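*Asks:* Let me give you the structure first, and then I'll get to my questions.
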Amino acid sequence: MSMFIRKLKHSMLIGLMKTLSGLAPAASYMAFAGSGSSRQLCDHIMRSGAKRVLVVTDAALRELGVVDQATAALTEAGIEVAVYDGVLPNPSFTHVSEGVAMLKQAGSEVVLAIGGGSSIDAGKVIAAAATNADNPQDWIGHGKIKADALPIYAIPTTAGTGSEATMGAVISNPQSGEKSVIAGATLLPSACAIDSDVMLGLPASITAATGMDALTHAIEAYIGIWDSGTRTENARAAISLIFEHLETACSDGTNRSARDAMAMAAYYAGMAINQVNVGNVHAIAHQLGGKYGIPHGLANALVLPHVLEFCREDAQPKLAELATLIGVGEPGASQEQLAYSFIGAVKDLRTAVHIPDKSDQIKAQDYDYLTDLAVAEGGTYPVPRLLDRDSTIAILTSITA
């Protein structure tokens, strides 16, 4: 298909998305923030009348005591808490099925997801599958979930995915590993807790990767061609906080100020992408996660500078604005120079938090497969420049060790 036809189809798709989003009700957010907010969220769940709660999490967080810490208010009040801790990175439809089985056995009325994006995404789809007879694999895309999900609550334990602020979930096919997005208003959490207490002491490597994930969300929301709601303000707030606090959060995991700032940055970035979606970085990173199991934040960090260079000319004014926002670039510099300065700052931050620029997991023999999927996915996002085969393969080559 010629690039002209691809651009025409892309323009029509984005126009349709804007029209449909204008007809949908505005997203409604409720967040408890700061130290102790997990307890406030649990109090809120109890005030809603729920007596039986399914916690969706991973085994490591349960073993570390994070789940018990976050749900202490529920257990102290005699609420029946069942725990599904089988979620793994890049959750699959198998995890959804297992979680639904436990939910029904326990008679749970609400879902509380505790963890990173994997647990929250799985929790969302489990909550929807509990009230719908359909196969969740039939929901891939937007707006295909017929009945409302059970109430969903979230306590993120990493400052990265922003899934606590979005109506989307990324779930993998257990056979192929291919990632798919399921989206719909019913998947937006009813409330969440942005609680640095559950993030203190998080390993530096995870802090760095998830922080770069949040940065990717904010940048992609900001430079995309779809302007909606408060995406500009939310994205700018997230980017400022990340450049100011990510290094400290990585070097001093007990620094509560840095943890609070990064938690809010991830939430702001999540709200931004909830309004306008992501972009080409995710189109490529999703394939790296699906094929090789590369953690999503790390995959985004590998790809981000290269995609910014790929779309620099098309996104130059906005990249220049971001350079000014974070204070890089010479006074009086041109937009072109400022755009280069911002991309350089992204690279420098990635290096400063010790994230590599290449991966030895990526294999050249998979380039065609990865590229086909990435180009197709990128065409569904409001990107400033559409991916093409040659450029995508060049990006993959650049990040292959």
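The values are calculated or read from the model by the stated rules, or taken from the named source; none is laboratory data. Just so you know, these numbers come straight off a predicted model, no measurement behind them. Here the Cβ positions follow ideal geometry from the backbone for every residue, glycine too, while neighbour counts run over all protein chains shown.
*Asks:* Considering region 47-71 alone, what residues qualify as being closer than 12 Å to Val81 by Cβ and out of contact with any helix residue (DSSP H, G or I) (no Cβ under 7 Å at 6 or more places or on another chain)?
*Replies:* Of everything in region 47-71, those that are closer than 12 Å to Val81 by Cβ and out of contact with any helix residue (DSSP H, G or I) (no Cβ under 7 Å at 6 or more places or on another chain) turn out to be Ala50, Lys51, Arg62, Asp68.
*Asks:* Go through region 235-254 and report how many residues are at pLDDT 95 or above and either among the basic types (Lys, Arg) or in contact with a Ser or Thr (Cβ under 9 Å, 6 or more places away or on another chain) (or both).
*Replies:* Residues that pass the stated criteria total 6.
*Asks:* Within region 382-396, can one find any residue that is surrounded by fewer than 21 Cβ atoms within 10 Å (Cβ to Cβ), more than 18 Å from Gly293 (Cα to Cα), touching a residue at least 60 places away in the same chain (Cβ under 8 Å) and in contact with a Phe, Trp or Tyr (Cβ under 6 Å, 6 or more places away or on another chain)?
*Replies:* yes
*Asks:* From the residues in region 302-340 that are surrounded by fewer than 16 Cβ atoms within 10 Å (Cβ to Cβ) and outside any helix (DSSP H, G or I), which one is modelled with the lowest pLDDT?
*Replies:* Among those residues, the one meeting the criterion is Pro331.
*Asks:* Give region 214-239 a look and list any residue that's surrounded by fewer than 22 Cβ atoms within 10 Å (Cβ to Cβ), farther than 22 Å from Leu13 by Cα and not basic (Lys, Arg), or say none.
*Replies:* Within region 214-239, Glu233, Ala237 qualify.
*Asks:* Counting only residues that are in contact (Cβ under 8 Å) with a residue 24 or more places away in the chain, among the hydroxyl-bearing types (Ser, Thr, Tyr) and out of contact with any Gly (no Cβ under 7 Å at 6 or more places or on another chain), which one in region 350-381 is surrounded by the most Cβ atoms within 10 Å (Cβ to Cβ)?
*Replies:* Among them, the one singled out is Thr371.
*Asks:* Is one or more of the residues making up region 170-187 assigned to a helix (DSSP H, G or I), touching a Phe, Trp or Tyr at 6+ places or on another chain (Cβ under 7 Å), free of Cβ contacts under 8 Å to residues at least 60 places away in the same chain and not hydroxyl-bearing (Ser, Thr, Tyr)?
*Replies:* No - not one qualifying residue is present in region 170-187.
*Asks:* Can I ask one more? Looking for whichever is assigned to a loop (DSSP other than H, G, I, E, B) and either more than 20 Å from the chain's Cα centre (by Cα) or among the acidic types (Asp, Glu) (or both) here; the options are Thr161, Thr75, Thr131, Thr94. Which one fits?
*Replies:* Selected residue: Thr131, the only one of Thr161, Thr75, Thr131, Thr94 that is assigned to a loop (DSSP other than H, G, I, E, B) and either more than 20 Å from the chain's Cα centre (by Cα) or among the acidic types (Asp, Glu) (or both).
*Asks:* Name the one entry in Ala265, Ala258 that is crowded, with 22+ Cβ neighbours inside 10 Å and either in contact with a Phe, Trp or Tyr (Cβ under 9 Å, 6 or more places away or on another chain) or closer than 16 Å to Ala165 by Cα (or both).
*Replies:* That would be Ala265, the only listed residue that is crowded, with 22+ Cβ neighbours inside 10 Å and either in contact with a Phe, Trp or Tyr (Cβ under 9 Å, 6 or more places away or on another chain) or closer than 16 Å to Ala165 by Cα (or both).
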